[in-house]
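K.L.:
Sending over a structure as structure tokens; questions will come in a sec.
The values are calculated or read from the model by the stated rules, or taken from the named source; none is laboratory data. If you're wondering where the values come from, they're calculated on a predicted model, not measured in any experiment. When we count neighbours, we look across all protein chains shown, and the Cβ atoms used for this are built from the backbone with ideal geometry, even at glycine. Keep in mind that these areas ignore ligands, DNA and RNA; they rest on the heavy atoms of the full protein, side chains included. Shrake-Rupley method; radii C 1.70, N 1.55, O 1.52, S 1.80 Å.
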Amino acid sequence: MTKRPVRFYQVGSFAVGNRLLTDDQRTVQSDPNRTNSIDSGHRACQGCGEALGARYALDAAMRAAAGRVVTVNATGCLEVFSTPYPETSWRVPWLHSLFGNAPAVATGVAAALRVKGREDVRVVGQAGDGGTVDIGFGTLSGMFERNDDVLFICYDNEGYMNTGVQRSAATPPAARTATTDAVGPEPGNVFGQGKDLPRIAMAHDIAYVATATVADLHDLEHKVEHAMTLRGARYIHILVPCPLGWGSASSDTIKVARLAKESGLFPVFEAENGRVTSVSPIRRRTPVEEYLRLQRRYAHLFGAHPRPDIVTRLQEIADENIARYGLVNDETEEIPVLEEAKEMVH
Amino acid sequence: MLRQIEGSRAVAETVALCRPEVVCAYPISPQTHIIEAVGVMVKSGRLSPCEYINVESEFAAMSVSIGASAAGARAYTATASQGLLFMLEAVYNASGLGLPIVMTLANRAIGAPINIWNDHGDAMAARDAGWIQLFAETNQEAADLHVQAFRLAEELSVPVMVCMDGFILTHAVEGVDLMTQEEVDSFLPPYEPRQVLDPDDPVSIGAMVGPEAFEEVRYLAHLRQLDALALIPTIAESFATLTGRDSGGLVHPYRTDDAEVIVVALGSVLGTIKDAVDARRARGERIGVLGITTFRPFPRDGVRDALAGASRVVVVEKAFSVGGEGVVLTDVAMAVGGRDVTLHSVIAGLGGRPITQRALESVLERASRGDLERLTFLDLDEAAVSRERSRIAAARRTGPSAENVLYDRATQGSRVAQEQS
Amino acid sequence: METPFGITLDVGSSRANHTGSWRVERPVYVDRLPPCNDACPAGENIQGWLYHAESGDYESAWRALVEENPLPAIMGRVCFHPCETACNRVRVDDAVGINAVERFLGDLAIERGWTLPEPGADTGKRILVVGSGPAGLSATYHLRRLGHAVHLVDSSHQLGGMMRYGIPAYRLPRDVLDAEIARILAMGVEVTLDHVVDDVEQERRDGSYDAVFLAVGAQIGHRVSIPAGDSSRVVDAVTFLHQVADDDPPLLGRRVVVYGGGDTAFDAARTARRLGATDAVIVYRRNREHMPANEEEFAQALGEGVTMRWLSTVNRFEGERLVLEKMRLNEAGFPEPTGELEELDADALVLALGQDTDLSLLERAPGVVIRDGVVEVAPTMMTGDAGVFAGGDAVPADRTATVAVGHGKHAARSIDDYVNGRVREAVARHELASFDRLNTWYYSDAPRTRRPELEKIRRQDTFDEVVQGLTEENALFEARRCLSCGNCFECDNCFGVCPDNAVIKLGGGERYEIDYDFCKGCGICVSECPCGAIEMVPEKI
Ligand SMILES: Cc1cc2nc3c(=O)[nH]c(=O)nc-3n(C[C@H](O)[C@H](O)[C@H](O)COP(=O)(O)OP(=O)(O)OC[C@H]3O[C@@H](n4cnc5c(N)ncnc54)[C@H](O)[C@@H]3O)c2cc1C
Ligand SMILES: Cc1ncc(C[n+]2csc(CCOP(=O)(O)OP(=O)(O)O)c2C)c(N)n1
Ligand code: SF4
Ligand code: SF4
Ligand SMILES: [Mg+2]
């Protein structure tokens, strides 16, 4: 179940912290003693959503596992910017092997821990979208299918950013990348069938599949923490905007992620054992255009030679998501529960 | 305990005695019998504690081994041929990370054309991967090498590949003296990793290293391999003390003391070569054999010393660097560099072609007569080759040579049969 | 662990890499002026006291409030709350019910007997305050806090000015008024009642005061000449309400017509209803859009059965018949006579056409400028007569109790400067925390809590208070609707959203600090600060 937002405390549970909430209702990120799994001094670009997402997710995992976490990381920006010799930013045990094998390496780590009777130590595998939906897909599917005790997290920035912003199977239609340039009659990436890894993961009937964005920390942390309560293969797909690759302002990273969700382009939901168990409803429905306009990778849809036809097709994708997952909640807001407010005083 | 046992089985039993904690492999002939047998032992609880993981590819198998080893478990896997190539990126990675994984390579040719039979093309493809490569001559040695491999790997934090000829060894039933658990335990201490993923002592393993330190990292890996050259004989000696068997080590000279001609080879073919050499010795030829057990690191000094008295060296090898020459020859040449020795490379047994004593002897005969070329392909069907070459010269769309040669063989065969009838 | 060279690295070593050098802009924390504070005539730090109320620390909230305004229970009832009009939350759903929370705090303070801060150390200065309305009381309070002795003089029989003699009890119960006045007096104030000051300079010399604050208000009901027969009862609203307040209500009969469109007109009409009038009709020369009276009061009056005659003037009053002339509005919105007459049965006519100030006490004061019936004052609130300050209804400004309170405070601080021979430097006001600086995504959706009203029936004939206060839950809820515009309220967003962990959480009300060693200047903290309390400034390179 998606965590219900705590309301009526000014920022309720939308902001990172809230001095009005009890400690256990606050996020891990609001804790001055959080792990900072990935520490300062890393070389991610300004405003990198992936650096942020990784800290969010791993710090939550660390809290959930009482600090007993080991991580396996695929090649990609996250790996490169965090561990250029002789410096590492990681504060958690961390292993990087290759681009396409992180899920299998994680399986190996989990197997070692199991055989050594150290099942208190939990394994988190992580990769970019390339390392997850493309080159790592085979090993990931194998890990799912065997139900290995690994939480795998994909930091989806919708492209191969580390190699200079090329297309991945997670690059959305019409987006410009270095290998899907904004030229020709169908500029940007193709309108393919998409490779929707969360749904593919669900098809493995694994214990837990969830999507999240860096724009909703409470939701993200809840999902990581919930995943950590379960055993077996689990998958969380986190949307992490990349200012460099998307051509968005470094200050807009969270905003862009929020609009991805609020427009319906990136559905946020949870599934257990192959069934969707909850969705994060859209709170302020936004036309996709508002989302697209913040990113230069879609600049060719606007400007001198606008392509409203393509924008419409993208809107259709969003609408389809909204329909598929029931992202728009028609019920009116409940009347404030004042007792809930009162509780907090004493 | 001496048992008549299939080679694969002997290896599996011995590996089990080494108490691997994570075994992960992907089936490919001729390695299958090994991993099946280990699998049964894990499943039945005979090998415990051990995690046996069925993965979706060799790439995953090596990757799982990497993860397991980095997390402090003794990891074992086995593969062959295409499987080795499919995991090659991870093979390099394992050595780069200094993870003491032990892998059996049931040597098999590499396609295309696809071929399941034995040669050393696979091992040679991974020659520079940073692994220690040991070649077994017999199933006894194959079994013994695994025990030594774990100890070697773990002492140095370097992965070790034990090569045994596919089918010829893996599927051959012969007498093998299997060690006892006590013997193995006394020889092989528990795995004490040099680095481990541990929440109590977190480190980052697998950093990105730029020009400022990459060369040093590689050089350190090289030095570690040189350390292995010193350690391998020591381990072999203590193994001999324990078992009385001369298994492992760097090289195995055979009747080389006064030899003018020395035949060099790796793996099971040494048996056939020794028979041929014995026959020639009986006829008074001063001929000997040098078996190379440790191919990587290459025991340059050991080879040089063993070949010191020879004026002619014939390297019989089951792999070939297309466009170059014999792979082993290159290393042997380096070892005897500066000396006046005539070197021959005899490429034999590719894709499982039997290396007969007769064929060998005819080559050695030519060698002793002094009319053996530098590079010879044993038993080459010259007619088939020239037919295909003229076909290629004549027409553009000739189709794949492999099929053509096979077709020729078949039709040729029936024509011969018709002619005889 | 002796780790392999180049392959394995020790944790956290990247802190040696100071990525702060990448920065071209740096985030800095700012305090911006919340629009409510900006709009509050009493200069309250509304966001500041709401902050305490949000955590249920009502006493701290009240203490922060009375830093500026000693009359929260009164203000929480009678203030027209321009703060709420300015409140940024209007653009999200509905303004924060600042006024209601203020009242809640004021009432709680009375209930719990919280006392005002101790007076300041005695300065030996003596100040005369003339008039005990909100301006005078506020000045008295602030002067006492500054350690000056105050002599508070009023011509009436009781303290409070228009809060007692103008605003009806059903809007401002007298016990509330008394309680808040008593609390000020408890700071040690010399009070003289029933004393008319008729010559300021004389009084100043006689009492050797170091300075004077005039807060005499506007006591005289504005009169227009309306032809009326002998039998007709015509009174002005101020006098009428004063009499009611003195428990000596005049007999107006069953049909009362009030002439005017301001709040006083409504107070008069609603008071007439309570005194037994069956018809209480307000005659106003313009229409609803142009009526100055407060919306809430208008609605409450209609709810109580007061009726309206729009676009009408009183032509004459003959016996029991009032003759009205119909008006129409020209393009500029001004009423023009139509010549069309109407009649209305009436027993009495109450004139609520504004108040005038009696400034005869300044006749002999040198340098004083009087224009449009009020005293001109400098920005320090000082009149042309050095040492004589003035505020409230007697000076040119909006005539509200809140403005008067602000004047009193401001004058007190200026008097303090004056008696100490100081000249205060103008402090730059913080930049306004305008709506566009907020990131409202983060605020919970929470519609406003309305204050309950007495059922109409009960209210029509009693002087019981109409608008009831908030329950604690409601007050807390309402406080928490505040967006804390422009002022950090420690939501931890900046601390959480920094991809470089370059925000240090100081905790315990100490807010945050940027770690410029690592801040790359991406600006996410600025974008995601809900209340706009961080800004990017160019890095000096
Ligand atoms: C009916 C009515 C309703 C109102 N309702 C509201 C409302 O809801 N909200 C709001 O904000 N404002 C309201 N106002 C306006 C508000 O009451 C005044 O703006 C405010 O009281 C002015 O304060 P003050 O201190 O300047 O003067 P006052 O409150 O008028 O006080 C002046 C005092 O000075 C005394 N005085 C005058 N001359 C002398 C003298 N020569 N010697 C000694 N003493 C003297 C008077 O007796 C009086 O006590 C209302 C006004 C009226 C008439
Ligand atoms: C086998 C292999 N192929 C290609 C690469 C080059 N490469 C490194 S990172 C990367 C892209 C990473 O993309 P993604 O996984 O989405 O991570 P991101 O950098 O976008 O965070 C590529 C193509 C590689 N390292 N290994
Ligand atoms: S390229 Fe994108 S994902 Fe990579 S470090 Fe920069 S912002 Fe982060
Ligand atoms: S939201 Fe709060 S700080 Fe902002 S204007 Fe309204 S009351 Fe003032
Ligand atoms: Mg990516």
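K.L.:
How big is the equivalent ellipsoid of chain C along its three axes, where each semi-axis is √(5λ) from the Cα gyration tensor, reported in whole Å from largest to smallest? Write out the running numbers ahead of the final one.
P.N.:
Working: eigenvalues 511, 176, 91 Å².
They are 51, 30, 21 Å, listed largest first.
K.L.:
How much of the calculated P(r) for segment C:391-489 lies past 21 Å, in percent of all Cα pairs?
P.N.:
On the way: 3284 of 4851 pairs.
That fraction is 68 percent.
K.L.:
Then there's this: Residues in segment A:50-85 near a label at C:Ser21, defined as backbone nitrogen under 19 Å from the 7 Å Cα→Cβ point?
P.N.:
A:81-85, by backbone N distance to the label point.
K.L.:
Given the -39500 (n - 2.57) contribution per DSSP H run of 4+ residues, what per-residue ellipticity at 222 nm results for chain A, rounded to the nearest 500 deg cm²/dmol? Don't skip to the end; give the middle numbers.
P.N.:
Working: 11 runs with 108 residues, N = 346.
Calculated at 222 nm, the ellipticity per residue is -9000 deg cm²/dmol.
K.L.:
Students often check this: by mean Cβ neighbours within 10 Å, which of A:117-124, B:393-400, A:70-77 ranks highest, and how do the rest follow?
P.N.:
A:70-77, A:117-124, B:393-400
K.L.:
Using 0.36 nm per residue of separation minus the Cα-Cα distance, give me the extension gain between B:Glu36 and B:Thr411 in nm, one decimal. Could the numbers behind the result be given before it?
P.N.:
Numbers: separation 375, 0.36 × 375 = 135.00 nm, distance 3.98 nm.
Length gained between B:Glu36 and B:Thr411: 131.0 nm.
K.L.:
How much length would be gained if the chain were fully extended between C:Ala228 and C:Glu472, taking 0.36 nm per residue of separation minus their Cα-Cα distance, in nm to one decimal?
P.N.:
Working: separation 244, 0.36 × 244 = 87.84 nm, distance 5.26 nm.
That pair, C:Ala228 and C:Glu472, stretches by 82.6 nm at full extension.
K.L.:
Can you work out the base-10 log of I(q)/I(0) for segment C:294-402 at q = 0.13, 0.14 1/Å, using the Debye formula on its C-alpha atoms alone?
P.N.:
Normalising to I(0) and taking log10 leaves -0.78, -0.84.
K.L.:
Long-range amide H contacts for C:Gly147: which residues qualify at under 5 Å (H placed 1.01 Å from N, peptide plane, sequence gap of 5 or more or a different chain)?
P.N.:
Answer set, sorted by chain and number: C:Gly120.
K.L.:
Additional query: Could you tell me whether segment B:315-383 comes out rounded, prolate or oblate from its Cα gyration tensor? Rule is a ≥ b ≥ c as square roots of the eigenvalues, rounded for a/c under 1.5, then prolate if a/b exceeds b/c, otherwise oblate. Intermediate results must be reported in sequence, preceding the final value.
P.N.:
Numbers: a/c = 2.03, a/b = 1.30, b/c = 1.56.
Oblate, because a/c is 1.5 or more while a/b does not exceed b/c.
K.L.:
Can you compute the modelled spin-label distance between C:Leu193 and C:Glu455, with each label point 7 Å from Cα toward Cβ, in nm?
P.N.:
Those two pseudo-labels are separated by 3.7 nm.
K.L.:
Then there is this: Taking the Cα centre of segment C:57-186 as origin, work out the dipole magnitude from +1 charges on Lys and Arg Cβ and -1 charges on Asp and Glu Cβ, in debye rounded to 20.
P.N.:
For this selection, approximately 360 debye.
K.L.:
Tell me, what is the FRET efficiency for B:Ser386 and B:Arg366 to the nearest 0.05, using R0 = 30 angstrom and their Cβ-Cβ distance as r? Numbers along the way, then the final one.
P.N.:
Details: r = 21 Å, r/R0 = 0.69.
With R0 = 30 Å, the Cβ-Cβ based efficiency is 0.90.
K.L.:
Work out the charge dipole of the protein assembly as shown with +1 on the Cβ of Lys and Arg and -1 on the Cβ of Asp and Glu about the Cα centre, then indicate which of B:Val158, C:Leu344, C:Leu361 is farthest towards its positive end.
P.N.:
It is B:Val158.
K.L.:
Compute the FRET efficiency between B:Arg339 and A:Arg231 as 1/(1 + (r/R0)^6), taking r as their Cβ-Cβ distance and R0 = 41 Å, and round to the nearest 0.05. Could the numbers behind the result be given before it?
P.N.:
Working: r = 64 Å, r/R0 = 1.56.
With a Förster radius of 41 Å, E is 0.05.
K.L.:
Once both labels are modelled 7 Å past Cα along the beta-carbon direction, what's the C:Leu251-B:Arg374 spacing in nm?
P.N.:
So the two model labels end up 14.2 nm from each other.
K.L.:
Across the Cα atoms of chain A, what radius of gyration and what greatest pairwise Cα-Cα distance (Dmax) are found, in Å?
P.N.:
Calculated on Cα positions, Rg and Dmax stand at 19.7, 65 Å.
K.L.:
Amide H to amide H, which residues 5 or more places from B:Cys163 or on other chains are under 5 Å from it, using H placed in the peptide plane?
P.N.:
When sequence neighbours closer than 5 places are left aside, the close amide H contacts are B:Leu105, B:Leu134, B:Phe135, B:Ala136.
K.L.:
With every protein chain present, what accessible area does C:Val90 have (1.4 Å probe, heavy atoms only), rounded to the nearest 10 Å²?
P.N.:
Roll a 1.4 Å probe over it and C:Val90 shows about 70 Å².
K.L.:
Right, something else. Using all alpha carbons of segment C:191-304, what is the percent of pairwise distances in each 10 Å bin, ordered from the shortest bin to the longest?
P.N.:
In whole percents, the pair-distance histogram is 11, 35, 26, 17, 11, 1.
K.L.:
In debye to the nearest 20, how big a dipole does segment C:222-354 give about its Cα centre with +1 on each Lys and Arg Cβ and -1 on each Asp and Glu Cβ? Intermediate values should be presented prior to the final figure.
P.N.:
On the way: 15 positive and 23 negative charges, 38 e Å.
It comes to approximately 180 debye.
K.L.:
Let me ask something else. Average partner chain C-beta neighbours within 10 Å, per residue of B:121-133?
P.N.:
Numbers: counts 0, 0, 0, 0, 0, 0, 0, 0, 0, 0, 0, 0, 0.
Across the residues of B:121-133, the mean count of other-chain Cβ atoms within 10 Å is 0.
K.L.:
Please compute the alpha carbon radius of gyration of segment B:27-123, then divide it by the globular-protein estimate 2.2 N^0.38 Å. Two decimals is fine.
P.N.:
For segment B:27-123, the normalised Cα radius of gyration is 1.08.
K.L.:
Can you pull the mean other chain C-beta count within 10 Å for peptide C:20-30?
P.N.:
Numbers: counts 2, 0, 3, 1, 1, 3, 0, 1, 0, 0, 0.
Neighbouring Cβ atoms belonging to other protein chains average 1 per residue here.
K.L.:
Something else about it: Identify, among A:Pro185, A:Gly136, A:Thr213, the residue whose Cα sits farthest towards the positive end of the charge dipole of segment A:116-247, taking +1 on the Cβ of Lys and Arg and -1 on the Cβ of Asp and Glu, with the dipole about the Cα centre.
P.N.:
Projecting each Cα onto the dipole axis, the largest value belongs to A:Gly136.
K.L.:
Also, quick follow-up: Quick check on the protein assembly as shown: what does the Kirkwood estimate of hydrodynamic radius come out to from the alpha carbon pairs, in Å?
P.N.:
Values: mean 1/r = 0.0261 Å⁻¹.
About 38.2 Å for the protein assembly as shown.
K.L.:
Along the charge dipole of segment C:215-301, pointing to its positive end and built from +1/-1 on Cβ of Lys, Arg, Asp and Glu, which listed residue (C:Phe266, C:Ala299, C:Val283) has its Cα farthest out?
P.N.:
Most positive-ward Cα: C:Val283.
K.L.:
How big is the C-alpha Rg of chain B next to the rule-of-thumb value 2.2 N^0.38 Å, as a ratio?
P.N.:
Values: Rg = 22.4 Å, N = 421, 2.2 N^0.38 = 21.9 Å.
Ratio of Rg to 2.2 N^0.38 Å for chain B: 1.02.
K.L.:
Take the Cα of C:Asp398, step 7 Å along the line toward its Cβ, and report every residue of segment C:37-55 whose backbone nitrogen sits under 18 Å from that point.
P.N.:
C:37-47
K.L.:
Something else about it: What percentage of all Cα-Cα pairs in segment A:159-230 are separated by more than 15 Å? Could the numbers behind the result be given before it?
P.N.:
Working: 1698 of 2556 pairs.
Of the Cα pairs, 66 percent sit more than 15 Å apart.
K.L.:
Output the pairs from A:Lys195/A:Lys223; C:Lys409/C:Lys456; A:Lys116/B:Lys43 with a Cα-Cα distance over 29 Å in this structure; if there are none, say none.
P.N.:
Going by Cα-Cα distance, C:Lys409/C:Lys456 fall outside the 29 Å limit.
K.L.:
For every helix of n ≥ 4 consecutive DSSP H residues, a contribution of -39,500 (n - 2.57) applies; sum these over chain C, divide by its total residues, and give [θ] at 222 nm rounded to the nearest 500 deg cm²/dmol.
P.N.:
Values: 18 runs with 158 residues, N = 541.
Rounded to the nearest 500, the figure is -8000 deg cm²/dmol.
K.L.:
Give the percent of DSSP beta bridges with both residues in the protein assembly as shown that are antiparallel, rounded to the nearest 5. Numbers along the way, then the final one.
P.N.:
Working: 52 of 152 bridges.
Of the beta bridges lying entirely in the protein assembly as shown, close to 35 percent run antiparallel.
K.L.:
When only alpha-carbon atoms count, how far does segment C:62-186 stretch along each of its three principal axes, as whole angstroms with the largest first?
P.N.:
For segment C:62-186, the Cα extents along the three principal axes come out at 51, 31, 27 Å.
K.L.:
For segment B:41-184, what is the convex hull volume of the alpha-carbon atoms per residue, in Å³? Write down the numbers at each step before the final one.
P.N.:
Values: hull volume 16.9 nm³, N = 144.
Enclosed volume per residue, from the Cα hull, is 118 Å³.
K.L.:
Any idea what the dipole of the protein assembly as shown comes to, in debye rounded to 20, about its Cα centre with Lys/Arg Cβ at +1 and Asp/Glu Cβ at -1? Walk me through the intermediate numbers first.
P.N.:
Numbers: 130 positive and 183 negative charges, 654 e Å.
Dipole about the Cα centre, nearest 20: 3140 debye.
K.L.:
Determine the shielding of peptide C:435-446 by partner chains: average, over its residues, the number of Cβ atoms on other chains within 10 angstrom of each Cβ.
P.N.:
That works out to 5 on average.
K.L.:
Note the full-extension length gain between B:Ser401 and B:Asp275 as 0.36 nm times their separation in residues minus their Cα-Cα distance, in nm to one decimal.
P.N.:
Numbers: separation 126, 0.36 × 126 = 45.36 nm, distance 3.51 nm.
Answer, rounded to one decimal: 41.9 nm.
K.L.:
With label points built 7 Å along Cα→Cβ from the Cα atoms of C:Ser208 and C:Arg288, find their separation and express it in nm.
P.N.:
6.3
K.L.:
Now, a different point. Could you order the peptides B:118-131, C:481-494, A:273-286 from most to least packed, using the average number of other C-beta atoms within 10 Å per residue?
P.N.:
Numbers: B:118-131: 23.1, C:481-494: 26.2, A:273-286: 16.0.
With the highest mean Cβ count within 10 Å placed first, the list reads C:481-494, B:118-131, A:273-286.
K.L.:
What relative contact order, as a whole-number percentage, does chain B give when Cα pairs under 8 Å and 6 or more residues apart are counted?
P.N.:
Values: 815 pairs, mean separation 60.6, N = 421.
About 14 percent, as a whole number.
K.L.:
From the Cα trace of segment B:307-421, what convex hull volume per residue do you get, rounded to a whole Å³? Mind showing how you got there, number by number?
P.N.:
Working: hull volume 17.2 nm³, N = 115.
Dividing the Cα hull volume of segment B:307-421 by its residue count gives 150 Å³.
K.L.:
Between B:Leu343 and residues 5 or more places away or on another chain, which pairs have amide H atoms under 5 Å apart, with H built 1.01 Å from N, and which residues are they?
P.N.:
When sequence neighbours closer than 5 places are left aside, the close amide H contacts are B:Val313.
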